[in-house]
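Participant: Below is one structure. I have some questions about it.
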Amino acid sequence: MVNAKTYTQKPSEVTREWFVIDAATAPLGRVATEIAKYLIGKYKPTYTPHIDAGDYVIVINAEKVPVTGNKEEGKVYYRHSGFPGGIKDATLKEVREKAPERIIEAAVKGMIPRNKLAADRLSRLRIFVGAEHAHAAQNPKKVEVK
């Protein structure tokens, strides 16, 4: 019997690609899980949990991301200024009007593992409000979200 060794990717072997995802094609949760999968690199056969081998993800049409049910008025986002009594809240509808990229950013952040690699993974997420993005030179591959 041959002793098969478990493959462990090294940081020098990491190759990153660029992907573009249209947020208007599927509900928020499905889009966020697909984004997280590419940021973490879990779809790659060389996936290693302690190595950050994820890719860059460009999200377009952030303001058009659909939600199901009564989330437009019922889902609440909280933030705190750091001062006593400094908690502020906003519904999904209010956040969509003011800063729609925060909706996708919060959903993806909740799906990324909370470890030392999380900040680097989230820094590779680029969210754009309209259908245009500034990363055409990277030749991103289009990802269909079902």
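Participant: Which value in nm describes the separation of the simple spin-label points at Tyr77 and Tyr7, placed 7 Å from the Cα toward the beta carbon?
Facilitator: Roughly 3.9 nm, to one decimal.
Participant: So if a site counts as exposed when it's one of the chymotrypsin sites (Phe, Trp or Tyr not before Pro), its DSSP state isn't H, G, I, E or B, and it has at most 12 other Cβ atoms within 10 Å, what's the longest stretch of the chain without one?
Facilitator: No qualifying site falls inside 44-146, the longest such stretch.
Participant: Would you be so kind as to identify which of Val67, Gly54, Val31 lies farthest towards the positive end of the dipole of the chain, taking Lys and Arg as +1 and Asp and Glu as -1 on Cβ and the Cα centre as origin?
Facilitator: Gly54
Participant: If you don't mind, another one. Would you calculate the separation in nanometres between label points at Gln138 and Lys98, each defined as 7 Å from the Cα along the Cα-to-beta-carbon direction?
Facilitator: Result: 2.8 nm between the two label points.
Participant: Given the rule -39500 (n - 2.57) for each run of at least 4 DSSP H residues, summed and divided by the residues of the chain, what is its mean residue ellipticity at 222 nm, to the nearest 500 deg cm²/dmol? Kindly include the intermediate steps, with their values, before the conclusion.
Facilitator: Working: 5 runs with 39 residues, N = 146.
Rounded to the nearest 500, it is -7000 deg cm²/dmol.
Participant: Relative to the longest principal Cα axis of the chain, at what angle does helix 28-40 sit, 0 to 90 degrees, rounded to 10?
Facilitator: Approximately 30 degrees, to the nearest 10.
Participant: On to the next question. Can you list the GluC sites (Glu not before Pro) in segment 98-146 that are in a DSSP coil and have 10 or fewer other beta carbons within 10 angstrom? Don't skip to the end; give the middle numbers.
Facilitator: Working: sites: Glu101, Glu105, Glu132, Glu144; in loops: Glu132, Glu144.
Listed in order of number, the matching sites are Glu132, Glu144.
Participant: Compute the signed sum of charges (Lys and Arg +1, Asp and Glu -1) over the other residues within less than 12 Å, Cβ to Cβ, of Ala53. Don't jump to the answer; show the numbers that get you there.
Facilitator: Details: positive: Lys10, Arg16, Lys42, Lys44, Arg121, Arg124; negative: Glu13, Glu17, Asp52, Asp55, Asp120.
Value of the local net charge: +1.
Participant: Shifting gears a bit: Say the dipole of segment 85-139 comes from +1 at the beta carbon of Lys and Arg and -1 at that of Asp and Glu; which of Ile104, Leu117, Gly130 then lies farthest toward its positive end?
Facilitator: Leu117
Participant: Moving to a separate point now. Evaluate the charge dipole of the chain about its Cα centre and quote only its size in Debye, nearest 20, assuming +1 on the Cβ of each Lys and Arg and -1 on the Cβ of each Asp and Glu.
Facilitator: Numbers: 25 positive and 17 negative charges, 89 e Å.
Dipole magnitude for the chain comes out near 420 debye.
Participant: Loop only by DSSP, 13 or fewer other Cβ within 10 Å of the Cβ. Give me the trypsin sites (Lys or Arg not before Pro) in segment 73-125 that pass, ordered by residue number. Mind showing how you got there, number by number?
Facilitator: Values: sites: Lys75, Arg79, Lys88, Lys93, Arg96, Lys98, Arg102, Lys109, Arg114, Lys116, Arg121, Arg124; in loops: Lys75, Arg114, Lys116, Arg124.
Filter output for segment 73-125: Arg114, Lys116.
Participant: How high is the relative contact order of the chain, given as a whole-number percent (alpha carbon pairs under 8 Å, six or more residues apart)?
Facilitator: 34
Values quoted throughout were computed directly from the atomic coordinates according to the rules given, and no laboratory measurement underlies them. Fair warning: this is a prediction, and the values are worked out from it, not measured in the lab. In this analysis, Cβ positions are derived from the backbone assuming ideal geometry, glycine residues included, and neighbour counts consider all displayed protein chains.
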